[in-house]
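Bear in mind these aren't lab numbers, they're just calculated from the coordinates by the rules spelled out. All of these numbers come straight from a predicted model, not from anything done at the bench. Virtual Cβ from ideal backbone geometry, glycine too; neighbours counted across all protein chains shown.
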Amino acid sequence: MSKELKILISFMVFSLFLWGIGNSSMAFFIKNHKPIDDGKSSINMFAMDTYISVTAYGGQSGVALKKVESKIRELESLWSVTNVKSEIYTVNHHEGRAVSISSITAQIIRFSLQMAEQTSGALDLTIYPIVTSWGFTTGNYKVPSSEEIEQRLKYVGYEKIKLQEDKIQLPEGVQIDLGAVAKGYICDIVADILHDDGITSALIDLGGNIKVIGTKPNGNEWKIGIKAPERDGYLGTVEIVDSSIVTSGRYERCFRGADGKQYWHIMNPRTGKPAESGIVSVSVIGKESKLCDALSTALFVMGLEKATQYWRKYGDFEFVLLTDRNELYITAGLENKFSLHEDYRTMQVNIIPK
Ligand code: AMP
Ligand code: MG
């Protein structure tokens, strides 16, 4: 056989192999950002301690996703509590001095302060000394003594933060954590980048913190699953268009103490302990992901009754809430948007009227 013929046969075999693995796997070979087909591009990455996946259709989706990836990395490096080079780390090791921060960091802190005020301190970004005390930052979980909690609570209180334009000053010992809002905030920024690049349909998933642009490419609404608590699978689905859905659940990060009790990562800033509000999980649906993220944490702390009052007062969002008595509540706006999963079809869905 001639050399040319051998080369031609090798090339044909290789082409058939690539053709055989099909379109979706091709993405693996093409690596990361290039459009796969019909203007669809995806990225999968690990950042902010979570798996991130963004899928975009139309426009310059490959180019847009490159920008998205570097923006996520940039914001992660600014807002990480553990990275010694981050702005938040610098702010948290300020020893009482004023610190200059970038305007995007000032903006997310300002937003967190507004939400802290609006939720009467259920959301409080100064909760960090308490979160570390329980070991949620490192994974070295422990139940702190009541003296330790008492001591650390002295440093908790969002009104202790002085923020003037792009300068922040915290009293010594006060530390902040953007963990309750950062993913939502970043989700909105990612959606803006995609919008600006002409993307008309996209699914942004930052570790379960979800935002969609438009409808699915086929014109249908996006059906987003709400995770079943303490097991695999879904409790139900919500249909959304151009919106976000964010869940705070007590099963997300938790441990069992030596006393046999379960402790979770969402804290009541008044007690310095995991919020025992009777809520297992609450998912918030709204236009802005940062609002959904802030509220999922805050409503979890508030409990069903206060969450309902808050919703009636502000009303620019909806929620799905599961209690520890296995009761499910949805707000009126979701009546035709929420469906229970098959496995939960016998569950009663209580609709909260306006
Ligand atoms: P999320 O998963 O959005 O509910 O946010 C929970 C994370 O926010 C925790 O892992 C803590 O880092 C932080 N956190 C816990 N409790 C609060 C609270 N009451 N206010 C603000 N941040 C909190
Ligand atoms: Mg949150």
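Brief remarks on what is shown
- A full extension of the chain between VAL84 and SER70 corresponds to an added length of 3.1 nm, given 0.36 nm per residue minus the alpha carbon distance.
- Each Lys or Arg adds one and each Asp or Glu takes one away; over the other residues whose Cβ falls under 15 Å from the Cβ of PRO144, this sums to +1.
- With a simple spin-label model that places each label point 7 Å from the Cα along the Cα-to-Cβ direction, the separation between ILE104 and HIS341 comes to 3.4 nm.
- Segments 182-195, 331-344, 65-78, 298-311 sorted - mean Cβ within 10 Å per residue, highest first: 182-195, 298-311, 65-78, 331-344
- The slack between GLN118 and LYS142, meaning 0.36 nm per residue of separation minus the straight C-alpha distance, is 5.5 nm.
- Between MET45 and LYS261, the C-beta separation translates, for a Förster distance of 45 Å, into a calculated FRET efficiency of about 0.80.
- Estimated from the Cβ-Cβ distance and a Förster radius of 30 angstrom, the FRET efficiency linking ASP166 and ARG312 is about 0.25.
- Across all Cα atoms of the chain, the radius of gyration (one decimal) and Dmax (whole number) stand at 22.9, 85 Å.
- Total formal charge among the other residues, if their Cβ is under 15 angstrom from that of HIS341, Lys/Arg +1 and Asp/Glu -1: 0
- Charging the Cβ of each Asp and Glu at -1 and of each Lys and Arg at +1, and nothing else, the dipole of the chain about its Cα centre rounds to 400 debye.
- Whole-angstrom Cα spans of region 78-124 along principal axes, big to small: 31, 21, 20
- For ALA98, net neighbour charge (Lys/Arg +1, Asp/Glu -1) across residues whose Cβ lies under 10 Å away: +3
- Largest-first principal axis extents of the Cα set of region 144-273 (Å): 58, 45, 16
- Shape category assigned to region 246-354 from the gyration tensor of Cα positions, a/c cut at 1.5: oblate
- Here region 285-349 has an Rg and Dmax of 12.2, 34 Å, counting Cα atoms alone.
- Structure-based [θ]222 nm, the chain - -39500 (n - 2.57) summed over DSSP H runs of at least 4, per residue, nearest 500: -11000 deg cm²/dmol
- The largest-to-smallest principal axis extents of the Cα set in region 104-160 are 33, 21, 16 Å.
- Once the Cα-Cα distance is subtracted from the 0.36 nm per residue extended length, the GLU327 to HIS93 segment shows a gain of 79.9 nm.
- Relative contact order of the chain, defined on C-alpha pairs under 8 angstrom at six or more residues apart (%): 14 percent
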